[in-house]
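Quick notes on the structure that follows.
Every read-out reported here was derived from the displayed coordinates using simple, explicitly stated rules and does not represent laboratory data. This one's a predicted model, so the numbers in the text were calculated from it and none came from an experiment. Please note: Cβ atoms are built from the backbone with ideal geometry, for glycine as well, and neighbour counts cover all protein chains shown.
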Amino acid sequence: MRTTTSLFIVLVLALLSWWLQDLWQETPIVHTIKEEHFPDYFMENFTITTMNKQGQPSYILTAKRLDHFADDDTTEIIQPHILFKETKGDWSISAQRAHILTNNNIVHLYNNVNITRQPTDQQDALSITTEYLKVNTDNKTAETDKLAHIATRQLELDTTGMVFDNNKGILKLLSEVKGTYETER
């Protein structure tokens, strides 16, 4: 009986020692880093040229700065300028900033957005200004639901909302259209 009691006491002391050692042993602290909205890469004073299926420039994007964010796969661009190369005449878009979501062919432009089309033999120069513009670089369309001012040599228009389809040559004015048209003298 004494042996059993002694064995029991030794066993309790061994378990108690093991428990105290485990208690005093330093547990490693694992820090989890919360993914924050910081750029994973950036570019400054850059030019990107996108080619069409024929190997010709489709559009050229230049800007002061580009920041890409991995946490939500978005891109912020400062002072973007997009030049669309077209057989019917080039047109360009500039703004103070742009935002590209996961889908890289949709560009949201903000603050002092200007669209210009150079004059050709068939068309006058065209200028459109607005505060917001959504551009699809694949199908070369642009749209806004904000106030837009449109000007040519003979025409001045203000509209709330518009859709511009460069492929079809259509400028659709959505609402509250006001303007003047001067005939040539």
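Here are some notes:
- Taking the square roots of five times each eigenvalue of the Cα gyration tensor of the chain, the equivalent ellipsoid has semi-axes of 67, 18, 13 Å, listed largest first.
- Residue 58 long-range amide H proximity, modeled H, under 5 Å: 50, 51, 52
- Extension gain, residue 43 back to residue 168 (0.36 nm per residue minus Cα-Cα distance, nm): 41.6 nm
- Positive-end ranking of 89, 46, 56 along the dipole of segment 39-181, with charges on Cβ about the Cα centre, is headed by 89.
- Computed from point charges on the beta carbon alone (+1 for Lys and Arg, -1 for Asp and Glu), the dipole magnitude for the chain about its Cα centre is near 280 Debye.
- Theoretical ellipticity at 222 nm over the chain - DSSP helices of four or more residues, -39500 (n - 2.57) apiece, nearest 500: -4500 deg cm²/dmol
- Taking the C-alpha atoms only, the angle from helix 2-24 to the longest principal axis of the chain is near 30 degrees.
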